[in-house]
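This report refers to the structure that appears directly beneath it.
The values are calculated or read from the model by the stated rules, or taken from the named source; none is laboratory data. Keep in mind the model is a prediction, meaning the values are calculated, not measured. Cβ coordinates were reconstructed from backbone atoms using ideal geometry, including for glycine residues, and neighbour counts include every protein chain displayed. Each accessible area value is taken on the protein alone, full model and side chains, heavy atoms only, with ligands, DNA and RNA left out. Shrake-Rupley method; radii C 1.70, N 1.55, O 1.52, S 1.80 Å.
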Amino acid sequence: MVSFIPQDLSTGVLHSYLLGAVAPRPIAFASTIDVNGNPNLSPFSFFNVFSANPPVLIFSPARRVRDNTTKHTLENVEAIKEVVINVVNYDIVHQMSLTSTEYPEDVNEFEKAGLTMLASDIVKPFRVAESPVQFECKVNDIIHLGNEGGAGNLVICEVVKLHISEDVMTNDNTINQEALDLVARAGGSYYSRAKKGFFEIPKPIRNMGIGVDSMPEHVRNSMILTGNNLGMLANVETLPNADDVNKFVEDISERYPDIKTASHREKHKLARNYLSYGDIESAWKLLLS
């Protein structure tokens, strides 16, 4: 065994050990609003259920390790003591990952990720319509665990209403775990799909992806590309230029002789194939051709 005293490690190293060892962790996709009513959406993997009577969930938006700043979610629940915790399934995992980008506070992460704001019945924050289970919560308490970078803040949430998609319910009104297809967080770039095991998603770029809302309309409203496809495409900082697009089309025209006259639908299908191999650059060049 290699043994450590926590105080002998830097916060960053200790943080990586904790996240790598205590895994996989469920994800709280937390929707909040600020004092001006602006929506915010962000994922947190320091999260679990802690009580059924009363129904209590707890998540922790920790202070940033690198500069000891706090996250918009924490600031919002301190001001407006309400939150919606949405679960994350595989169908929205790339869109969820994109929302962890540190956009300015006036940016709507729902729009950046291409997710749908659904009005809640009791609380003010919006639900994520694409999430199969949504918990409307009031915030009972916030416990600050420290003042330094990496310190957690336990947001104790009491569920006041829950919504479960009929698509994940069985005939006897229980949740079908296979249909729910939950995703959990592990260390580094690793996630775990409950029914299939580990996979990786590159961490969102520090300089902010363009977001789904900045995509060409035919891409944003594609009937072929999935939410996860859009999430991958949205996590680029800039789009390829016209010269690169034209060169790409020339290079692949031998394999795809009809590519120059192909419809959006045909190009979207081919782009989806590139995305299945993680080739986001080629997918964008094709979509912009």
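Considering (1) open to solvent by 40 Å² or more (accessible area, probe 1.4 Å); (2) touching a residue at least 60 places away in the same chain (Cβ under 8 Å), the lone condition that Ile92 does not fulfil carries the number (1). For region 220-248, a residue qualifies if it is within 27 Å of Glu105 (Cβ to Cβ) and open to solvent by less than 70 Å² (accessible area, probe 1.4 Å), and the qualifying residues are Gly227, Asn228, Leu230, Gly231, Met232, Leu233, Ala234, Asn235, Val236, Leu239.
Can you go through Glu102, Glu130 and tell me which one is closer than 25 Å to Arg193 by Cα, open to solvent by 60 Å² or more (accessible area, probe 1.4 Å), part of a loop (DSSP other than H, G, I, E, B) and at pLDDT 95 or above?
On the way: Glu102 fails: at pLDDT 95 or above.
Criteria check complete, one pass: Glu130.
Go through region 180-199 and count every residue that is under 22 Å from Pro55 (Cβ atoms) and at pLDDT 95 or above. Even if it seems obvious, please write down each step before you answer.
Just the residues of region 180-199 that are under 22 Å from Pro55 (Cβ atoms), to begin with: 180, 182, 184, 194.
Among the residues that remain, those that are also at pLDDT 95 or above are: 180, 182, 184.
Residues flagged as under 22 Å from Pro55 (Cβ atoms) and at pLDDT 95 or above within region 180-199 amount to 3.
To keep it simple, each residue is scored yes or no on (1) open to solvent by 20 Å² or more (accessible area, probe 1.4 Å); (2) at pLDDT 95 or above; (3) not hydroxyl-bearing (Ser, Thr, Tyr).
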site: Thr11; (1), (2), (3): yes, no, no
site: His15; (1), (2), (3): yes, no, yes
site: Ala28; (1), (2), (3): no, yes, yes
site: Pro43; (1), (2), (3): yes, yes, yes
site: Lys81; (1), (2), (3): yes, yes, yes
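Listed by first and then second residue, the pairs linking a residue in region 31-51 that is on the phi < 0 side of the Ramachandran plot and assigned to a strand (DSSP E or B) to a residue that is surrounded by fewer than 22 Cβ atoms within 10 Å (Cβ to Cβ) and among the charged types (D, E, K, R), with Cβ atoms under 6 Å apart and 6 or more places separating them unless they lie on different chains, are Ile33/Lys124. Number of residues in region 141-172 that are farther than 20 Å from Thr11 by Cβ, open to solvent by 70 Å² or more (accessible area, probe 1.4 Å), modelled with pLDDT of 95 or more and not aliphatic (A, V, I, L, M): the value is 4. Taking region 253-273 on its own, how many of its residues are in contact (Cβ under 8 Å) with a residue 12 or more places away in the chain and open to solvent by less than 30 Å² (accessible area, probe 1.4 Å)? Going through region 253-273 one residue at a time, the tally reaches 5.
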